Structure formats: structure tokens, C-alpha cells
Amino acid sequence: MKKILFIDRDGTIVNEAKAPDYVLDTFEELEFYPEVFRYLGKIVRKLDFEIVMVTNQDGLGTKALPTDIFWKIHNKILKAFENEGIVFSKVFIDDSYPEDKKPTRKPGIGMVTEYINNPKYDLTNSYMIGDRLTDIEFAKNLGAKGIFINNDEGLGATEIHSKLEDLQKHIALQTTSWKEIYEFLKEN
């Protein structure tokens, strides 16, 4: 059975866009997460994982995030990884807002139904790598484990802190380093 690394995009393989809108909508804002090429490349070459991108892109196709701008930047991201030998087998994008409560929006697992109850995949030994607690909830809902890239300065807020405590048992690794992610996956 194949293990999968479900990987978020913004804040995980590319740096999160800055305030006020936190929308990656210019090439000037595009920065890759430190050492992601080196260590995700090692994961792809040396470890036995299929890699799948799973990302929420609030309002894709609206005035806030026009489709043509999104796809130019997104395709540039994918091409940069492809140039380094890192190819995502699938890319899943949900364009809804949290208040829409769609089952396809993380932490819902509606985007990845083809992996659920599929005897080809070992979800128990698969991981979701992301920078939001919704990514960890996604891992929990999928029956996988979470790798939490904890860069969120707002984590001290009471409601977020209590949610983190509730999800702690689903976090296999908490880090800010792709090197640590690679070393952890190599050992497990």
C-alpha cells in the first residue's frame, strides 16, 4: 500500500502572503519556504511517499483572487518544483470560504475521496503537512497523522491554543523546518 504526503501550499511550501489580505496575488509576494526544495526533493527521491497538494484558496475566481492571476502564480510554483524533480501526483484546490461550510474545504476531506477506503493507499501511515490547525483536523478526519508547521504568531489566542491542545494527539511532528520533516519521515 502506498503512503501519501498531503501537503498544503501557502505557509507550507511557499511563504504565507502578507497582511492585509493574506492573498498571494503578485509575483513579488511569491517566496518559497526555506529549504523546501532541498528536503521535499529528498523525500521524493529517497522515501516512499506519493505527494499530493491540498489547498484552500478562499474566493478563487472572485475579485479578491482573480482566476487568471491565481493560475499564473500557481503554475509558476508547480513548475519550480517540477524543475527540481518534485511532481505532485494530484493538486486539489477548494475555492470556498469558511462560512460556506463545504465538505471539500479543509478540514473536510471531500476533495480527497478517491483516497478513502482505497486499498491502494495506507492512510494510517500517511501525513498531512500544513501550517494551520485545519490541516491537522484534515489529517484527523482522514485517519492520517499531522505535521504542523507552526509559524502562526496568533497561536497564543485562547481559542486557538485550546484547539491546539485538543488536536495535539494528531500531531506527529511540530516544527518550522523542512529538514526536521525529512529527518522525521526518514526515521518513521
Seminar exercise, completed: V36 passes all but one of the listed conditions (1) more than 21 Å from D122 (Cα to Cα); (2) open to solvent by 80 Å² or more (accessible area, probe 1.4 Å); the exception is number (2)
Exercise. Taking the condition within 22 Å of N151 (Cβ to Cβ), basic (K, R) and touching a Lys or Arg at 6+ places or on another chain (Cβ under 9 Å), does R38 pass?
Worked result: yes
Problem set entry | Selection from segment 46-88 of residues that are among the aliphatic types (A, V, I, L, M) and either open to solvent by 50 Å² or more (accessible area, probe 1.4 Å) or closer than 21 Å to V112 by Cβ (or both) | L47, I51, V52, M53, V54, L60, A64, I69, I77, L78, I86, V87
For this session: Identify the residue in segment 2-26 that is open to solvent by 60 Å² or more (accessible area, probe 1.4 Å) and modelled with pLDDT under 95 and, among all such residues, is nearest to K90 (Cα to Cα).
Result: Y22
For this session: For V44, indicate whether it is part of a loop (DSSP other than H, G, I, E, B) and of a type in the set (A, V, I, L, M, F, W, C).
Result: no
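The values are calculated or read from the model by the stated rules, or taken from the named source; none is laboratory data. Note that the structure is a prediction, hence the values are computed from the model and not measured. For neighbour counting, all protein chains shown are included, and Cβ atoms are generated from backbone atoms with ideal geometry for every residue, glycine included. Side chains included, ligands, DNA and RNA excluded: accessible areas come from the protein's heavy atoms. Shrake-Rupley method; radii C 1.70, N 1.55, O 1.52, S 1.80 Å.
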